[in-house]
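Participant: Submitted below is the structure of interest, expressed as structure tokens.
The values are calculated or read from the model by the stated rules, or taken from the named source; none is laboratory data. Everything numeric here is computed off the predicted structure, so don't read it as measured data. Positions of Cβ are backbone-derived with ideal geometry, glycine not excepted, and every protein chain shown enters the neighbour counts. SASA here: full protein model, heavy atoms, side chains in, ligands and nucleic acids out. Shrake-Rupley method; radii C 1.70, N 1.55, O 1.52, S 1.80 Å.
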Amino acid sequence: MSKDVSLIDQTGWLRPLLCWFVALLVFFPILMIIITAFKTEQQAIEVPPSLLFTPTTENFGIVQERSDYLKFAINSVITAFGSTLLALLIAIPGAYSMAFYPRKSTKNLLLWMLSTKMLPAVGVLVPIYILCQRTGLLDTTFALTIIYTLINLPIVVWMLFSYFKDIPKEILEAVRLDGADTLGEIRHVLLPLSLGGIASTALLSIVLSWNEAFWAINLTSADAGTLATMISTYSSPEGLFWAKLSAASTMACAPIVVLGWFCQKQLVQGLTFGAVK
Amino acid sequence: MQKWLPRLLVMPSFISLLLWMIVPLSMTIYFSTIRYNLLYPGENNFVGGMNFEFFYTDDAFWPALFNTLTLVGLVLLLTVVSAIFIAVALDKPFRGRSIARVLLISPFFIMPTVNALIWKNMMMHPVYGVLAAIWTGFGLEPVDWLAQYPLGSIIIMLSWQWMPFALLIFITSLQSMDHEQKEAALLDGASGWQVFRYLTLPHLARPIAVVMMIETIFMLSVFAEIFVTTGGGPGYESTNLAFLIFAQALMQFDVGVASAGGLIAVILANIVAFFLIRAIGKNLVA
């Protein structure tokens, strides 16, 4: 009995230590790539890797010069944020309707939407490529934005639905008694009460679009390429330029990782609505 | 409230997804029934089910199917189980917890292609890799991970990337747990394990279902990691269905066979979805 009670105010050192150990273990590969980005090529391939070295920033300059980092970064911002905005615009009314006015078909509709996401992209690559080619949309950020909107839509609808569903119906009825119509419901109940949920859905959609490589590599090249496209040019076996590869990787991932860190609260808060009853 | 309005509001999502499904899919169905090899233009005659037979009897088909399912199953198991334990450990405050949490969820924001490159070049490389350095430090022979355990290596990379996603959702869910109930149970003489088994796990049921659903969707069509690291090899040891279709379409230029493969993958995805929804669907839409 006394042993069990002690579990309540357990302030031992073992659990924090283990947590820190696991956290550093998980973060280690990212740390490696950041450190390597500041090394010279010579230092980057030393075995065992040295931790004592004079950091250099020349790799970052080389990446911008050789790969036109800024252009790819702008394309990434356009496609990731554009597709997220579009997906939210389409999905919010739909998820609202399904959560607040459920019908018999609602559950099947949701499951069907998710099942479209299970389609392997390679299965429809050729038709989409041909369609883009015929309409002159190949290698445009517009086409990529539309594709990202469509491939994220099922998840966006699903997440929004689960946030909206948990909004207490009493609030809704109160607003209706006050004479609010559908638009009023959306404005005064749905949006304010699920802001955290919408934010975290948006964040997930931005992350998925930013990191998407398959469609970006296959549908874009010089003009509309994203950072994922840029990285793919570094993966060729033309030589193990690890320091440059690391710098390019850091530059490609840093914006979204930092966004993730800053929005962590929002993300966590949002997920509280959805994943929790 | 007008009756038609809710229906109208669903329409944009419904129609855009329907088009996204129907247009390419009907083209894929059409391609799968004709001879369509980019190396032999102009010979697009109808061949019936031959493309399907060709794909289905390919030496790579069964390994690819097996690898696809193994990959989904093992990544789910590894990420969900480890994330549950880490989330429970993180649930009580300690010095620097928020920093530890930031470090733990970071891999989820890393680009999959970069993930693959980090692990291939910096972690698993038999000469320069960190793991090799550790192995040698213990006086052991370094392992050529991607050559010796290709599928296992890819499963490790994917688990590293997706454990944070599961963790993030579980941490959040645990925060909303009723701590008084937990303390009451402990005072009544329940062991830590019993609290975990009968209070924490049931509380996590729906988050676990959500995580499994979303991860399955992504793991069924894993592509970038295989493309960057092993190229499906050696042999077919790390080829999954998505990669096999890619190999048919873009390496052998056989659009017809690749389309047939795409349809087989769609059918497989639907079978998996059916069982998955039967198993965890209650928790999802309840």
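Participant: Carbon-plus-sulfur fraction of the accessible area of the stretch A:94-252, 1.4 Å probe, in percent?
Facilitator: About 63 percent, which is the carbon plus sulfur part of the accessible surface.
Participant: Students sometimes get this wrong: rank A:LYS107, A:LYS165 by accessible area, probe 1.4 Å, all chains present, largest first.
Facilitator: Correct descending sequence by accessible area is A:LYS107, A:LYS165.
Participant: While we're here: Using +1 on the beta carbon of Lys and Arg, -1 on that of Asp and Glu, and nothing else charged, what's the dipole of chain A about the Cα centre, debye to 20?
Facilitator: With Lys and Arg at +1 and Asp and Glu at -1, about 720 debye.
Participant: Please calculate the 1.4 Å probe accessible area of A:ILE206, with all protein chains present, and give it to the nearest 10 Å².
Facilitator: Only protein atoms counted, so the area is about 20 Å².
Participant: Please state the charge dipole magnitude for chain B, taken about the Cα centre, from unit charges on C-beta atoms (+1 on K and R, -1 on D and E), reported in debye and rounded to the nearest 20.
Facilitator: Values: 13 positive and 15 negative charges, 202 e Å.
Dipole of chain B, to the nearest 20 debye: 980 debye.
Participant: Got a sec? Charge dipole of the protein assembly as shown, +1 on Cβ for Lys and Arg, -1 for Asp and Glu; which of A:TRP20, A:SER67, B:GLN194 is way out at the positive end?
Facilitator: It is B:GLN194, whose Cα lies furthest towards the positive end.
Participant: Just the number please: accessible area per residue for chain B, 1.4 Å probe, all protein chains included, in Å².
Facilitator: Values: 12600 Å² over 286 residues.
On a per-residue basis, chain B sits at 44 Å².
Participant: Let me ask something else. Once label points are set 7 Å from the Cα along Cα→Cβ at both B:ILE99 and A:TRP13, what is their separation, rounded to one decimal in nm?
Facilitator: Inter-label distance under the simple model: 1.7 nm.
Participant: For chain A, with every protein chain kept in place, what is the accessible area per residue (1.4 Å probe, Å²)?
Facilitator: Per residue, chain A has 45 Å² of solvent-accessible surface.
Participant: Plugging the Kirkwood radius over Cα pairs into Stokes-Einstein for the stretch B:1-104, at a temperature of 4 °C and a viscosity of 1.567 mPa s, what D comes out in µm²/s?
Facilitator: Answer, rounded: 65 µm²/s.
Participant: Name the most mobile residue of B:LEU78, B:LEU18, B:LEU69, meaning the one with the largest mean-square fluctuation, in a Gaussian network model of chain B with Cα contacts below 10 Å.
Facilitator: Largest GNM mean-square fluctuation: B:LEU18.
Participant: Thinking of chain A as a set of Cα atoms, what percent of all their pairs are more than 28 Å apart?
Facilitator: Pairs farther apart than 28 Å: 53 percent.
Participant: Could you work out how far helix A:14-37 tilts from the main Cα principal axis of chain A, as a 0 to 90 degree angle to the nearest 10?
Facilitator: So the helix axis and the longest Cα principal axis differ by about 60 degrees.
Participant: Any of A:LYS244/B:LYS120; A:LYS107/A:LYS265; A:LYS39/A:LYS244; B:LYS92/B:LYS182 with alpha carbons more than 20 Å apart? Name them for me.
Facilitator: Violating the 20 Å Cα-Cα cut-off are A:LYS107/A:LYS265.
Participant: Please compute the volume of the convex hull spanned by the alpha-carbon atoms of the stretch A:52-96 and report it per residue in Å³.
Facilitator: Values: hull volume 4.0 nm³, N = 45.
About 90 Å³ per residue, rounded to a whole number.
Participant: Rounding to the nearest 20 debye, state how big the charge dipole of the protein assembly as shown is about its Cα centre with +1 on each Lys and Arg Cβ and -1 on each Asp and Glu Cβ.
Facilitator: Values: 30 positive and 32 negative charges, 285 e Å.
Here the protein assembly as shown has a charge dipole of around 1360 debye.
Participant: State the answer as a single residue: which of B:GLN181, B:GLN252, B:TRP135 lies farthest towards the positive end of the charge dipole of chain B, with beta carbon charges of +1 for Lys and Arg and -1 for Asp and Glu, about the Cα centre.
Facilitator: B:GLN181
Participant: Keeping all protein chains in the complex and leaving out DNA, RNA and ligands, what accessible area do you get for A:CYS132 with a 1.4 Å probe, in Å² to the nearest 10?
Facilitator: 10 Å²
Participant: Can you tell me the orientation of helix B:4-32 relative to chain B, as the angle in degrees between its alpha-carbon axis and the longest Cα principal axis, to the nearest 10?
Facilitator: Approximately 50 degrees, to the nearest ten.
Participant: Could you name the aspartates and glutamates whose alpha carbon sits less than 18 Å from that of A:LYS169, not counting residues in the same chain fewer than 8 places away?
Facilitator: Output for A:LYS169: A:ASP178, A:ASP181, A:GLU185.
Participant: At a 1.4 Å probe radius, which order do B:GLU215, B:GLU53, B:GLU43, A:GLU41 fall into by accessible area, largest first?
Facilitator: Ranked from most to least accessible, the order is B:GLU53, B:GLU43, A:GLU41, B:GLU215.
Participant: Turning to a different aspect of this structure: Tell me, what ³J(HN,Hα) does each residue in the stretch B:102-107 have, in order and in whole Hz, if you take phi through Karplus 6.51 cos²θ - 1.76 cosθ + 1.60 with θ = phi - 60° and put x for Gly and Pro?
Facilitator: 4, 4, 5, 8, 4, x
Participant: If you average 1/r over every pair of different alpha-carbon atoms in the protein assembly as shown and take one over that average, what Kirkwood value in Å do you get?
Facilitator: Numbers: mean 1/r = 0.0397 Å⁻¹.
Mean inverse Cα-Cα distance, inverted, gives 25.2 Å.
Participant: Another question about this same structure. I'd like the carbon and sulfur percentage of the solvent accessible area for the stretch B:60-192, probe radius 1.4 Å, heavy atoms only, ligands and nucleic acids excluded. It would help to have the intermediate numbers written out before the result.
Facilitator: Working: 3540 of 5230 Å².
Carbon and sulfur together cover 68 percent of it.
Participant: I'd like the accessible area for B:HIS203, computed on protein heavy atoms only with a 1.4 Å probe and all protein chains in place. Round to 10 Å², please.
Facilitator: 60 Å²
Participant: Could you work out [θ]222 nm for chain A from helices alone, using -39500 (n - 2.57) per DSSP H run of at least four and dividing by all its residues? Round to the nearest 500 deg cm²/dmol.
Facilitator: When only DSSP H runs of four or more count, the value is -23500 deg cm²/dmol.
Participant: For the stretch B:80-239, state what percent of all Cα-Cα pairs lands in each successive 10 Å bin, counting from 0 Å until the bin that includes the largest distance.
Facilitator: 10, 30, 29, 20, 10, 2
Participant: Compare each residue of the stretch A:192-224 in its chain alone against the assembly with all protein chains, and report those whose accessible area goes down by 20 Å² or more; 1.4 Å probe, heavy atoms.
Facilitator: SASA drop of 20 Å² or more in the stretch A:192-224: A:LEU204, A:VAL207, A:LEU208, A:ASN211, A:ALA213, A:PHE214.
Participant: Scan around B:ILE34 for amide H atoms under 5 Å from its own, H built in the peptide plane at 1.01 Å from N, and keep only partners 5 or more places away or cross-chain.
Facilitator: B:VAL47
Participant: When the solvent-accessible surface of protein heavy atoms is calculated with a 1.4 angstrom probe, in what order do B:ARG278, B:ARG35, A:ARG66, B:ARG101 fall, highest first?
Facilitator: Per-residue accessible area, sorted high to low, gives B:ARG278, A:ARG66, B:ARG35, B:ARG101.
Participant: To continue, here is another question. With a 1.4 Å probe, how much accessible area is buried between chains A and B, both sides summed, in Å² to the nearest hundred?
Facilitator: Details: alone 16990 and 17100 Å², together 25080 Å².
Chains A and B together bury roughly 9000 Å² of accessible area.
Participant: Which one of B:TYR236, B:SER153, B:LEU77 is farthest out on the positive end of the charge dipole of the protein assembly as shown, using unit charges on Cβ (Lys, Arg +1; Asp, Glu -1) and the Cα centre as origin?
Facilitator: The one lying farthest along the dipole's positive direction is B:LEU77.
Participant: Okay, next question. Hey, can you list the residues from the stretch A:139-164 whose accessible area shrinks by 50 Å² or more with all protein chains present, relative to the chain by itself (probe 1.4 Å, no ligands or nucleic acids)?
Facilitator: Checking the loss per residue gives A:LEU150, A:TRP158.
Participant: What are the ³J(HN,Hα) couplings of the stretch A:75-91, residue after residue, when phi is run through the Karplus curve with 6.51, -1.76, 1.60 and θ = phi - 60°? Round to Hz, x for glycine and proline.
Facilitator: Values, residue by residue: 4, 4, 4, 4, 5, 5, 6, x, 5, 5, 4, 4, 4, 5, 4, 6, 7 Hz.
Participant: Mind listing the Cα extents of chain B along all three principal axes, in Å, largest one first?
Facilitator: Dimensions of chain B along the principal axes of its Cα atoms: 77, 73, 28 Å.
Participant: Apply the Karplus parameterisation 6.51 cos²θ - 1.76 cosθ + 1.60, with θ equal to phi minus 60°, to every residue of the stretch B:42-58 and state each ³J(HN,Hα) to the nearest whole Hz, in sequence, with x for glycine and proline.
Facilitator: Result, ordered by residue: x, 10, 9, 7, 5, 10, x, x, 4, 4, 5, 4, 4, 5, 5, 8, 4 Hz.
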